[in-house]
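Heads up: the structure comes next, in structure tokens.
The values are calculated or read from the model by the stated rules, or taken from the named source; none is laboratory data. Treat the numbers as computed from the prediction; the structure is a model and nothing was measured. Don't worry about glycine lacking a Cβ; one is built from the backbone with ideal geometry, like all the others, and counts go over all protein chains shown. Quick note on the areas: whole protein, heavy atoms, side chains included, nothing else; ligands and nucleic acids left out. Shrake-Rupley method; radii C 1.70, N 1.55, O 1.52, S 1.80 Å.
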Amino acid sequence: MKPFDFHLPTKILFGRGRVAELGANIPAEAEKVFIVTDGTIARKTSILERVVNALKAKEIEVFDRVEENPSIGTVEDAGREARESGARLVIGLGGGSPMDTAKGVAVLAANPGPLKPYLEGKPLERAPLAVIAIPTTSGTGSEATPFAVFTDKAAEQKVGFGHPGIFPVLALVDPELTTSMPESVVVDTGLDVLAHAAEAYLSTISFPLNDALALQAIETSVAELPRAAKKEREAMDRMAAAATVAGAAIAHASTILPHIMGYPLTVFHGVSHGRASAVMLVHVLAALRAESSCPEKVGHVDRLFEATGGIEGFLRGLGVPVKLSDYGVREDEIGLYARKTILKGDCKITPADVTVEYLEKVYRAAF
Ligand SMILES: [Fe+2]
């Protein structure tokens, strides 16, 4: 058996109503707190108000201009404000976009910008500020990972960043905060959970302890997402927990081809991140099944979908088409997508011999 490291420095508090415990879990030296969120959470729900109330007497500054798939420019703007505010703690409040932005802000509040050189491998000069993550969707798992993904608009691509210093010190997972999600968001973010769990399980760097987390999150997604999509409370709670569990699994094994092959669908056709990843998961699983590169693990995943008519049947049951043509993708885009995907390091931890030609073949089979 190969050696492994399992290190999850994030304290996880899970349960309805537990956002009220936030103030008691803030380090005493963090007198000033910088909250990163989006306009919907700040102005169309009472979530920000609940968080501010839970922070009690802390001095608070709020940045609420995070967009979906946050751009490097947005992270730099928020980072500048955080730096000028003198805050010692950053709270990411929302879905993956605000939580990932908060991680970038934590880097830029402690280090001189711009952000891009750090994304390209420049070492950080100082440790990022501490990050607390409070998810309001059940998907990204960012609350339990040392990763953030940003959009480089000029290069038309998504860029991942990973650093142990951006592992949140606290993940406050209060499913009450997820109740305002529209049904479409429940489905699309739930598909992200499923993709994280399946990809972490299939990743060549996973190991038995991590596999257990990943499998648990796949099973939960298959059993609970259809009911969560109807806004059933217990199912939504279980998906909130599964999102964090799957986050912990990708923290140790990363995601593989479905995520990086899904990025161009998001960048060029606006397909939501979770949906793009799950759709590509269908086609990557088909390729892995055909070439029999890791038959035990692929077989295990397939068995979990037996009752739903396979993963394709599961997605169709949720009203999610699986053909790329259903999303407006054209076959003449395949070459560009494959060239963008091959640059990503996660090609190397996919259990296949991934080349540009291989990627083109998988994309072609997805029409
Ligand atoms: Fe994801």
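Data for the structure
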| quantity | calculated |
| --- | --- |
| Filter result for the condition that a residue is surrounded by 15 or more Cβ atoms within 10 Å (Cβ to Cβ), touching a strand residue (DSSP E or B) at 6+ places or on another chain (Cβ under 9 Å), touching a residue at least 12 places away in the same chain (Cβ under 8 Å) and not in a loop (DSSP other than H, G, I, E, B), over VAL267, VAL282 | VAL267 |
| Count of residues meeting criterion [open to solvent by 20 Å² or more (accessible area, probe 1.4 Å), within 24 Å of the chain's Cα centre (by Cα) and in contact (Cβ under 8 Å) with a residue 40 or more places away in the chain] in the range 288-317 | 4 |
| Residues located in the range 188-219, provided they are β-branched (Val, Ile, Thr) and within 16 Å of the ligand (Cβ to nearest atom) | THR189, VAL193, ILE218 |
| Options ALA20, ALA42; residue that is free of Cβ contacts under 8 Å to residues at least 40 places away in the same chain, open to solvent by 60 Å² or more (accessible area, probe 1.4 Å) and among the hydrophobic types (A, V, I, L, M, F, W, C) | ALA20 |
| Boolean, ILE250 is under 19 Å from GLY190 (Cβ atoms) and touching a residue at least 24 places away in the same chain (Cβ under 8 Å) | yes |
| Subset of the range 139-156 (residues that are of a type outside the set (A, V, I, L, M, F, W, C) and within 12 Å of the ligand (Cβ to nearest atom)) | GLY139, THR140, GLY141, SER142, THR145 |
| Extreme residue, farthest from ALA286 (Cα to Cα), among residues of the range 330-367 that are in a helix (DSSP H, G or I) and of a type in the set (A, V, I, L, M) | LEU336 |
